[in-house]
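Asker: Let me begin by handing over the structure; questions about it come next.
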Amino acid sequence: MPRDDDTLFAALIARDPSYEGFAYVGVKTTGIFCRLTCPARKPKRTNVIFFSCRDAAQEAGFRPCLRCKPLDIKPPASEAFHTLKERIKTEPDRRWSAQDLKTLGYDPSTVRRAFQREYGVTFVQYARSQRLGLAVDTLQHGGSVTDAQLDAGYESGSGFREAINRLIGDAPVRTAAHQILTAQWLDTPIGAMLAVVDDAGIHLLEFAERKALPKEIKRLRERVGPIRFGHHPMIDRLAGELEQYFSGQLTAFAIPVVQKGTAFEAGVWDALRQIPAGQTRSYGALAAAMDRPNAVRAVARANGANQVAIIVPCHRVIGADGSMTGYGGKIWRKQWLLNHEQRMALSQSQT
């Protein structure tokens, strides 16, 4: 990724998130340093200096910005975003409306954009998905369809059944006969991720913008079972390990991965997990390590079929010429992850 000053200034003006974590800007006239994504008014080109890390900015005498908080691990989201997520947790069965948001002092259109930016759904859709998760719990514990329907805020039985079908792929009255997977959104420094788990481990972990995500969810329902939004101990464990990873304290995940695939795909995914953090492999090298030197294309396809990002590190596979090849979670995230892991590996080698 280019880091010359002209490119970095263009990224600053565009608030480009691809430099998040390894490029900062110092403003000479204020003595403050910021993330390139800082929402503050942009300074003149002659008044800025760029740094590759936070320590360098502080050593040069710059103070951290109070708006973008560059010393925090995660970029700050809007106050409304965090507050409303907490309100949904504490009031999971509440049916939210635009008037509710106005009463709390929030602009509904601003809230809608914030949730769409992070999760790809509106605030109302996000809240409803959480209510549907509670409704499925009601059904699984012997409650009636009518009780579950009212808990989820649906006056129409047909509307409730349609929503449940879209969410978990089965009619409500039959859910007790199936293994139910649990889904939840997790926030990371480089964007929201959808996690799907059960008691055995992780089935899916993907960034919200991944174009193949709807197909992956459909395939997961077909291979394993229906999905509902809710809370699960495995989600808590995953969130904890991801927090350690992004804070630079964890390079190898211990949480079990149970994504379903062919025997060959499973072999590729296992080979991916053997690549140490801070290192990369080409598709050819990965095929050779599996004693399948002629299966480079098949290895590439299996790499792309991986549904557990970061933990099964398909981002560590690059082109034979060292180029950043395709990555469903966006190329800039692949570069970010590789830079992050290289920093972790260097830090560990120096201790």
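What follows is calculated from the coordinates using simple rules that are stated; it is not laboratory data. What you see is a predicted model, and the numbers here were worked out from it, not measured in a lab. Because the Cβ atoms are built from the backbone with ideal geometry, glycine has one as well, and the counts that use them run over all protein chains shown.
Asker: How far apart, in nm, are two points set 7 Å out from the Cα along the Cα-to-Cβ line at Ala212 and at Glu59?
Answerer: 4.2
Asker: Over all pairs of distinct alpha carbons, what does the Kirkwood formula give as the hydrodynamic radius of the stretch 5-64, in Å?
Answerer: In the stretch 5-64 this quantity evaluates to 11.1 Å.
Asker: If the chain between Lys89 and Gln249 were fully stretched, how many nm would it gain, using 0.36 nm times the residue separation less the Cα-Cα distance?
Answerer: Full-extension gain reported as 54.8 nm.
Asker: Which of rounded, prolate, oblate describes the stretch 290-344, given a ≥ b ≥ c as roots of the alpha-carbon gyration tensor eigenvalues and a/c under 1.5 marking rounded, otherwise prolate only if a/b is larger than b/c?
Answerer: prolate
Asker: Further, regarding this structure: Greater than 21 Å separation of Cα atoms is the criterion. Which listed pairs, Lys211/Lys330; Lys218/Lys260; Lys89/Lys211; Lys215/Lys260, meet it?
Answerer: Too far apart for the 21 Å limit: Lys89/Lys211.
Asker: Going by the alpha-carbon gyration tensor, a ≥ b ≥ c the square roots of its eigenvalues, is the stretch 233-279 rounded (a/c under 1.5) or, if a/c is not under 1.5, prolate (a/b greater than b/c) versus oblate?
Answerer: oblate
Asker: Can you bin every Cα-Cα distance in the stretch 193-315 into 5 Å intervals starting at zero and give me the percent of pairs per bin, rounded to whole numbers?
Answerer: In order of increasing distance, the bins hold 2, 10, 21, 22, 21, 15, 8, 2, 0 percent.
Asker: Could you list Phe246, Phe62 so that the one with the fewest beta carbons within 10 Å of its beta carbon is first and the one with the most is last?
Answerer: Ranked by crowding around the Cβ, least crowded first: Phe246, Phe62.
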